[in-house]
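Only one structure is covered here, and it is reproduced in the block below.
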Amino acid sequence: MTKIYTHQKNLLVQYIYGECDLFSTLEIEHALEENESLFREYQKLKKIKNQFSKVNVSPSQKSIQKILNYSKRPDVAML
């Protein structure tokens, strides 16, 4: 049973990211209709995915400046 549940959770992640083929999409949609626990898991994962899009993944200006300054050092330029 754990193997099946793990398979469904893996499919959920693929489904949320739009990476499922037609058969897998139908399989997971059916499972979501039939399994309330899996549906709750789907809702949680979807919420987490939406929160990821709010995360700033760009380096700070300070970090960029440090890298640029380091690259201008004579001992680094010689490499």
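Readers should treat all values here as calculations from the given coordinates under stated rules, not as data from a laboratory. Bear in mind that the values here come from a model prediction, so they are computed numbers and not experimental data. Positions of Cβ are generated from backbone atoms using ideal geometry, with glycine treated the same way; all protein chains shown enter the neighbour counts.
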Per the rule of 0.36 nm per residue minus the C-alpha distance, extending Ile64 to Phe23 adds in nm 10.2 nm
With +1 on the Cβ of every Lys and Arg and -1 on the Cβ of every Asp and Glu, the dipole magnitude of the stretch 2-77 about its Cα centre, in debye rounded to the nearest 20, is 860
Longest principal axis of the chain (C-alpha) makes with the long axis of helix 61-71 (C-alpha) an angle, in degrees to the nearest 10, of 50
Chymotrypsin sites (Phe, Trp or Tyr not before Pro) in the stretch 28-79 lying in a DSSP loop, each with at most 14 other Cβ atoms within 10 Å of its Cβ, come to none
Dividing the mean separation of Cα pairs under 8 Å (6+ apart) by the residue count of the chain yields a relative contact order in percent of 20
Taking Cα atoms, the helix 36-52 axis meets the longest principal axis of the chain at an angle in degrees (rounded to 10) of 20
His30 and Lys72 label points (each 7 Å along its Cα→Cβ direction) are spaced in nm at 6.4
extent check for the chain: Cα max minus min per principal axis, descending, whole Å, gives 65, 25, 24
Of the candidates Tyr17, Ser58, Ala31, the farthest towards the positive dipole end of the stretch 2-77 (Lys/Arg Cβ +1, Asp/Glu Cβ -1, centred on the Cα centre) is Ser58
Output for the stretch 1-71: trypsin sites (Lys or Arg not before Pro) sitting in coil per DSSP, at most 10 other Cβ within 10 Å, listed by number, reads Lys54
